[in-house]
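S.K.: First, the structure itself, so that you have it in front of you.
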Amino acid sequence: MGTVHARSLDPLPMNGPDFGSHDDADLVEVEPQKKQEILENKDVVVQRVHFEGLGRTKDDLIAHEIGQVFKAKNLIEVMRKSHEAREKLLRLGVFRNVEVLIDTCEGEDALPNGLDVTFEVTELRRLTGSYNTMVGNNEGSMVLGLKLPNLFGRAEKMTFQFSYGTKETSYGLSFFKPQVGNFERNFSVNLYKVTGQFPWSSLRETDRGVSAEINFPIWKTSHTLKWEGVWRELGCLARTASFAIREESGHTLKSSLSHTMVIDSRNTSILPKRGALLKINQELAGYTGGDVSFLKEDFELQLNKQLAWDSVLSTSLWGGMLVPIGDKPSSIADRFYLGGPTSVRGFSMYSIGPQSEGDYLGGEAYWAGGMHLYTPLPFRPGRGGFGDLFRTHFFLNAGNLCNLNYGEGPRAHLRRLAECIRWSYGAGIVLRLGNIARLELNYCIPMGVQSGDRICDGVQFGAGIRFL
Amino acid sequence: MSLVTDAFVSQIAAVEPWPENAALYQPLKSEQVLLSDNASCLAVQAFLKMCNLPVQVVCRANAEYMSPSGKVPFIHVGNQVISELGPIVQFVKAKGHSLSDGLDEVQRAEMKAYMELVNNMLLTAELYIQWCDEATLEEITQPRYSFPYSWPLNYFLVFQRKWEIKRKMKAIGWATKTLEQVFEDVDQCCQALSQRLGTQPYFFNKQPTELDALVFGHLFTILTTQLTNDELQEKVKNYSNLIAFCRRIEQHYFEDHDSSISSSTKLSKGPTLP
């Protein structure tokens, strides 16, 4: 009899083809028993999979996730498949805790090489809530979040977030439903109200919207199809806003269909070491109602290459184009913005391109490219621990944002995008925050500055999720 | 406007003369503008004409939201944006043009009192009829107010505005009034104005003041706007001196200048008095 705790398998590589037996010594603790048997290379059969602690979760949902466990032929495979099943179960966002117990089969119909796999699970509570207060620039707010995980027992999720501030109130309600047995294929509906203040444009925008989206993978790509209906209210942030911004004030209704395709082979989304990302997004507004019509295309490409001494060379290219359909000019809320610590460094936030009395109006076409060399910190302090969250980087960014006259041909467009290129270079320190965000402190030298651009010569601080 | 902005505006304004490209923004004339907004826009137009300050009238569907105070009309002079008659009068005064300089303290106080009367009675009555009378709301206000917007935004915005006005009516105690009582109020207001005017050409004899512009804006709009019924018009028509007053300003300030002022300015005023 041997009891194996698969929990200790956590650090196993997910798809390591060869399992060196020397590894197993660390990972598998076989409790000494009277009748010890070496199961390692023996053929085994998983006879039963038990679940303990199931409440409202439906059987068919988990049956799909653990199906592979039955196909395991030897102990190592059983352990690996159980581990994978555990990961899959945790990903569903249904359980707080999953433990796997592998044991030999007992009972009358037990085969000599039969194994029982037991998943001990703890379900998340029906309702979880959170409460925060935030204090920002001249504003305090209270954020209330409610989550109903596993609403109907098939990994559906309902979340509600409400933020009540001294200036703005916003909320979001979303319902998420994955396909049973195929978590990547999912459907979600959102209802929201958000308010944004954009001081670089002296603009305030309040969006109230409904959106529905379907996510599905095709081969190595993941796709999102989305419909969004949003009521946008634009207004001036201050009395001193330029008249160009004043003219954009008022209500518009946008109804758009969009499609996003992503191929991501990077090892992680923040400070990746290898792999590439390609994201292509297209949005068509106006054909499904509303009073805004345009076609918007944009893409993002990122390539990472590992070099010597743990350094990584990362190159990225962004670009986009907005074509208004009909006689109406594009709205300031739909146009592109460029500049700032997350795109072309050395320039102030979104302060490149067309402007009126110091308020940036955005552009209908843009491109931006960046080249980064990430290296570990000099002398590598805190190596293997805290120090690994930091990187130094040297960068070269370039980009341009302008409006195109769509009467001219593509040759003229390219010429316009190629003239007056803004670029900058510099170096800085990057801090990785979890796996979602990063902070940067850079010394930047902006070049190719055009009149009207606002620069940030010298030290610039940046925080964000998406970086050029 | 706060005292500081006031002081700032007057200082800035005094330096620069009235520019050629001054513009007055108002809602779309034929499809969108409502009775009360039209009255306010016309009052400001009349005031500027009385001051002999040229202004180009620009119609925009989002004029209400472009205005810093959320109310139409507003003027764009140089790089200044000023909305509503009161602040505009002050701004123009800072530029050295005033209609009420010739009045003494008592007259000025009287003028202010009558202007308050017009704003409190006529303007509120117009808002009441537009937003609280179901027939008018359905037949006129709703289609006109929601004209620039597509479904379902048109319903949201009408609902939002209606709710806002109803709340305001409740606050000033008009919510419980019936349409008849409102017409009665209009009648009393007109009676007061008629008595004050008497046989003079303008409220303060020979020279028009901002009160004349305001009264003209409201009465002319009421007289020339077709509503679901004629009752409101009839109330004003009972006072012949007020009709004569409207006709006098119309002829003097709007028709006489036809040759020199572009036809769009004339069109923007709307139909002429019968």
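S.K.: For the pair A:Glu99/B:Glu164, report the inter-label distance in nm, with labels modelled 7 Å from Cα in the Cβ direction.
M.R.: Between A:Glu99 and B:Glu164, the simple spin-label model gives 6.1 nm.
S.K.: Also, quick follow-up: Using the Cα gyration tensor of the range B:3-94, with a ≥ b ≥ c the square roots of its eigenvalues, what is the shape: rounded (a/c below 1.5), prolate (a/b larger than b/c) or oblate (neither)? Numbers along the way, then the final one.
M.R.: Numbers: a/c = 1.92, a/b = 1.61, b/c = 1.19.
Because a/c hits 1.5 or more and a/b exceeds b/c, the range B:3-94 counts as prolate.
S.K.: Right, next: Along each principal axis of its Cα atoms, how long is the protein assembly as shown end to end? Whole angstroms, biggest number first, please.
M.R.: 122, 60, 47
S.K.: Moving on. Using the Karplus curve 6.51 cos²θ - 1.76 cosθ + 1.60 with θ = phi - 60°, what ³J(HN,Hα) values do you get for each residue of the range A:337-353, in whole Hz, with x for Gly and Pro?
M.R.: Once rounded to whole Hz, the list reads 10, 9, x, x, x, 9, 10, 8, 5, x, 10, 6, 3, 6, 10, 10, x.
S.K.: What is the antiparallel percent of DSSP beta bridges lying wholly in chain A, to the nearest 5?
M.R.: Working: 176 of 183 bridges.
Looking only at bridges with both residues in chain A, the antiparallel portion is about 95 percent.
S.K.: With point charges of +1 on the Cβ of Lys and Arg and -1 on the Cβ of Asp and Glu, referenced to the Cα centre of the protein assembly as shown, which listed residue (A:His251, B:Ala61, A:Gly385) lies farthest in the positive direction of the dipole?
M.R.: So the residue we want is A:Gly385.
S.K.: Can you run phi through the Karplus equation (6.51, -1.76, 1.60; θ = phi - 60°) for the range B:171-181 and list ³J(HN,Hα) in whole Hz, with x for Gly and Pro?
M.R.: Running phi through 6.51 cos²θ - 1.76 cosθ + 1.60 with θ = phi - 60° gives 5, 9, x, 9, 4, 8, 6, 9, 4, 4, 5 Hz.
S.K.: May I pose another question? For chain B, give the magnitude of the charge dipole about the Cα centre (Cβ charges: +1 Lys/Arg, -1 Asp/Glu; no others), in debye to the nearest 20.
M.R.: Values: 24 positive and 31 negative charges, 74 e Å.
Roughly 360 debye for chain B.
S.K.: Placing unit charges on C-beta atoms (Lys and Arg positive, Asp and Glu negative, everything else neutral), compute the dipole magnitude of the range A:181-464 about its Cα centre in debye, rounded to 20.
M.R.: Details: 29 positive and 26 negative charges, 184 e Å.
Its charge dipole is roughly 880 debye.
S.K.: Still on this structure: Take every residue in peptide B:63-71, count the Cβ atoms of other chains within 10 Å of its Cβ, and give the average of those counts.
M.R.: Values: counts 2, 3, 10, 9, 2, 8, 1, 2, 0.
That works out to 4 on average.
S.K.: Run the accessible area of the range A:181-464 with a 1.4 Å probe and give the carbon-and-sulfur part as a rounded percent. Mind showing how you got there, number by number?
M.R.: On the way: 8140 of 13170 Å².
Roughly 62 percent of what the probe reaches on the range A:181-464 is carbon or sulfur.
S.K.: Chain pair B, A: how much accessible area is buried, both chains summed, with a 1.4 Å probe, in Å² to 100? Present the calculation step by step, with values, prior to reporting the outcome.
M.R.: Details: alone 13430 and 24720 Å², together 36680 Å².
About 1500 Å² of accessible surface is lost on pairing.
S.K.: Now a separate question. Normalised by the residues of the range A:302-447, what does the relative contact order come to in percent, with Cα pairs under 8 Å and at least six apart? Spell out each step's value before the answer.
M.R.: Working: 307 pairs, mean separation 31.3, N = 146.
Once divided by the residue count of the range A:302-447, the mean separation gives 21 percent.
S.K.: Moving to a separate point now. For the range A:149-290, what is the charge dipole size about the Cα centre, in debye to the nearest 20, if Lys and Arg each add +1 at the Cβ and Asp and Glu each add -1 at the Cβ?
M.R.: Numbers: 18 positive and 12 negative charges, 83 e Å.
Using Cβ point charges on Lys, Arg, Asp and Glu, the range A:149-290 gives about 400 debye.
S.K.: Any idea what the relative contact order of chain A is, in percent, if you count C-alpha pairs under 8 Å spaced at least 6 apart? Write down the numbers at each step before the final one.
M.R.: Working: 1146 pairs, mean separation 36.0, N = 468.
Here the relative contact order equals 8 percent.
S.K.: Right, here's the next one. Suppose R0 equals 41 Å. What FRET efficiency, 1/(1 + (r/R0)^6) with r the Cβ-Cβ distance, do B:Gln191 and A:Glu357 give to the nearest 0.05?
M.R.: Working: r = 49 Å, r/R0 = 1.21.
So the FRET efficiency works out to roughly 0.25.
S.K.: Evaluate peptide A:235-242: per residue, the Cβ atoms of other protein chains within 10 Å of its Cβ; return the mean as an integer.
M.R.: Details: counts 4, 4, 0, 1, 6, 3, 2, 1.
Mean partner-chain Cβ count within 10 Å for A:235-242: 3.
S.K.: Under a 5 Å amide H to amide H cut-off, with H placed in plane at 1.01 Å, what residues pair with A:Gln355 once short-range neighbours are removed?
M.R.: Correct list: A:Leu361.
S.K.: With no solvent and one equal point scatterer per Cα, compute the Debye intensity ratio I(q)/I(0) for the range A:98-177 at 0.18 Å⁻¹ and report its log10, rounded to two decimals.
M.R.: -0.83
S.K.: If you take the square roots of the eigenvalues of the alpha-carbon gyration tensor of the range A:181-464 and sort them as a ≥ b ≥ c, do you get rounded (a/c under 1.5), prolate (a/b over b/c) or oblate?
M.R.: Values: a/c = 1.75, a/b = 1.27, b/c = 1.37.
Since a/c reaches 1.5 but b/c is at least a/b, the shape of the range A:181-464 is classed as oblate.
S.K.: So who's got an amide H within less than 5 Å of the one on B:Val58, skipping anything under 5 residues away but keeping other chains? H placed 1.01 Å off N, in plane.
M.R.: Close amide H contacts, sequence-distant or interchain: B:Leu24, B:Tyr25, B:Gln26.
S.K.: So for the protein assembly as shown, taking the charge dipole from beta-carbon charges (+1 Lys/Arg, -1 Asp/Glu), which of B:Cys41, B:Ile243, A:Gln68 sits furthest toward the positive end?
M.R.: Ranked along the dipole, the leading option is A:Gln68.
S.K.: Spelling out what I want: for every residue of the range A:451-468, take phi, set θ = phi - 60°, compute 6.51 cos²θ - 1.76 cosθ + 1.60 (Karplus), and round to whole Hz; glycine and proline get x.
M.R.: 5, x, 6, 9, 9, 10, 6, x, 7, 9, 10, x, 9, x, 10, 10, 10, 7
S.K.: What is the calculated FRET efficiency for B:Lys237 to B:Gln200, with r their C-beta to C-beta distance and R₀ = 22 Å, to the nearest 0.05?
M.R.: 0.65
S.K.: So what is the 222 nm mean residue ellipticity for chain B from helices alone, if each DSSP H run of at least 4 adds -39500 (n - 2.57) and you divide by all residues, rounding to the nearest 500 deg cm²/dmol? Write down the numbers at each step before the final one.
M.R.: Values: 13 runs with 146 residues, N = 274.
After summing the helix terms and dividing by residue count, I get -16000 deg cm²/dmol.
S.K.: Could you let me know the centre-to-centre spacing of the range A:42-64 and the range B:127-142, using Cα atoms, in angstrom?
M.R.: Measuring centre to centre over Cα atoms gives 66 Å.
S.K.: Moving on to the next point. Which of B:Gln56, B:Gln80, B:Gln233 moves the most in a Gaussian network model of chain B with Cα springs under 10 Å?
M.R.: Residue with maximal mean-square fluctuation among B:Gln56, B:Gln80, B:Gln233: B:Gln80.
S.K.: Count, for each residue of A:244-252, the Cβ atoms from other chains sitting within 10 Å of its Cβ, then give me the mean as a whole number.
M.R.: Values: counts 0, 1, 9, 6, 3, 9, 10, 11, 5.
Other-chain Cβ atoms within 10 Å of each residue's Cβ, averaged: 6.
S.K.: Using alpha carbon centroids, what distance separates the range A:371-411 and the range B:79-102, in Å?
M.R.: Each part's Cα centre sits 54 Å from the other's.
S.K.: Can I ask one more? Only Cα pairs under 8 Å and at least 6 apart count here; give the relative contact order of chain B as a rounded whole percent.
M.R.: On the way: 325 pairs, mean separation 65.5, N = 274.
RCO, chain B: 24 percent.
S.K.: Would you please classify the overall shape of the range A:225-272 from the alpha carbon gyration tensor, given that a ≥ b ≥ c denote the square roots of the eigenvalues, rounded means a/c under 1.5, and beyond that prolate means a/b larger than b/c while oblate covers the rest?
M.R.: Working: a/c = 4.76, a/b = 1.85, b/c = 2.57.
Here the range A:225-272 falls in the oblate category.
S.K.: Once every DSSP H run of n ≥ 4 in chain A is given -39500 (n - 2.57) and the sum is divided by its residues, what mean residue ellipticity at 222 nm do you get, rounded to the nearest 500 deg cm²/dmol? Intermediate results must be reported in sequence, preceding the final value.
M.R.: On the way: 5 runs with 47 residues, N = 468.
Calculated from helices alone, the mean residue ellipticity at 222 nm is -3000 deg cm²/dmol.
S.K.: Would you mind checking which residues have amide H under 5 Å from A:Arg345's amide H? H placed 1.01 Å from N; only 5 or more apart, or other chain.
M.R.: Excluding prolines and chain starts, which carry no amide H, there are no hits.
S.K.: Roughly speaking, what is the centre-to-centre gap between the range A:93-140 and the range A:281-328 when only Cα atoms are used, to the nearest Å?
M.R.: Here the answer is 38 Å between Cα centres.
S.K.: Additional query: Once you put a point 7 Å from the Cα of B:Leu28 and another 7 Å from the Cα of A:Asp310, both along the Cβ direction, what distance in nm separates them?
M.R.: Between B:Leu28 and A:Asp310, the label points sit 6.5 nm apart.
S.K.: Additional query: Stretched out fully, how many nm does the piece from A:Tyr131 to A:Tyr287 gain, at 0.36 nm a residue minus the Cα gap? Before the final figure, lay out each step's value.
M.R.: Details: separation 156, 0.36 × 156 = 56.16 nm, distance 4.04 nm.
This chain segment gains 52.1 nm when fully extended.
The values are calculated or read from the model by the stated rules, or taken from the named source; none is laboratory data. Everything numeric here is computed off the predicted structure, so don't read it as measured data. Using ideal geometry, Cβ is built from the backbone for each residue, glycine included, and neighbour counts are taken over all protein chains shown. The accessibility values were calculated without ligands, DNA or RNA, using every heavy atom of the protein model including side chains. Shrake-Rupley method; radii C 1.70, N 1.55, O 1.52, S 1.80 Å.
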